[in-house]
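Chemist: Mind having a look at this structure? Questions to follow.
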Amino acid sequence: MYEYDDEVLRVFLKKQLQLFDEPVAETMEEAVLLLFQRAIRIRLYLSTLIKTTLQQLILRLLMPIFIKRL
């Protein structure tokens with residue numbers, strides 16, 4: 001699903017302290033795992049955010065219709 005170029009992983013390993021307070025990966029394999037886990041979390045968060053936003057939008061659009069019928 002997610003593939004990372006070796007150069008991307010090297011740069012991540014070199015500059016990870018710009019993102020985190022302490023090193024989070026020492027090897028390229030650990031970097032791949034961490035980036036994959038973060039990508040999944042971001043995807044789940046965005047999915048939830050979109051679902052919630054759509055639910056709120058639908059309620060705002062439909063609520064006046066239901067109120068008028070009462």
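Chemist: For the range 23-63, name all the residues that are open to solvent by 90 Å² or more (accessible area, probe 1.4 Å), over 19 Å from Arg10 (Cβ atoms) and not aliphatic (A, V, I, L, M).
Modeler: Arg41, Arg43, Tyr45, Lys51, Gln55, Gln56, Arg60
Chemist: Of the residues Ile50, Ile65, which is β-branched (Val, Ile, Thr) and at pLDDT below 95?
Modeler: Of Ile50, Ile65, the one residue that is β-branched (Val, Ile, Thr) and at pLDDT below 95 is Ile65.
Chemist: Scan the range 2-22 residue by residue and report those that are aliphatic (A, V, I, L, M), over 19 Å from Ile40 (Cα atoms) and open to solvent by 100 Å² or more (accessible area, probe 1.4 Å).
Modeler: Listed by number, the list holds a single entry, Leu17.
Chemist: Let me ask something else. Among the residues of the range 23-47, which ones are in contact (Cβ under 8 Å) with a residue 12 or more places away in the chain and either closer than 15 Å to Glu3 by Cβ or of a type in the set (Lys, Arg) (or both)?
Modeler: Those that are in contact (Cβ under 8 Å) with a residue 12 or more places away in the chain and either closer than 15 Å to Glu3 by Cβ or of a type in the set (Lys, Arg) (or both): Met28, Ala31, Val32, Leu35, Phe36, Ala39.
The values are calculated or read from the model by the stated rules, or taken from the named source; none is laboratory data. This structure is a prediction, so every number in the text was calculated from the model and none was measured. Backbone-built Cβ (ideal geometry, glycine too); neighbour counts: all protein chains shown. For accessibility, only protein heavy atoms count, side chains too; no ligands or nucleic acids. Shrake-Rupley method; radii C 1.70, N 1.55, O 1.52, S 1.80 Å.
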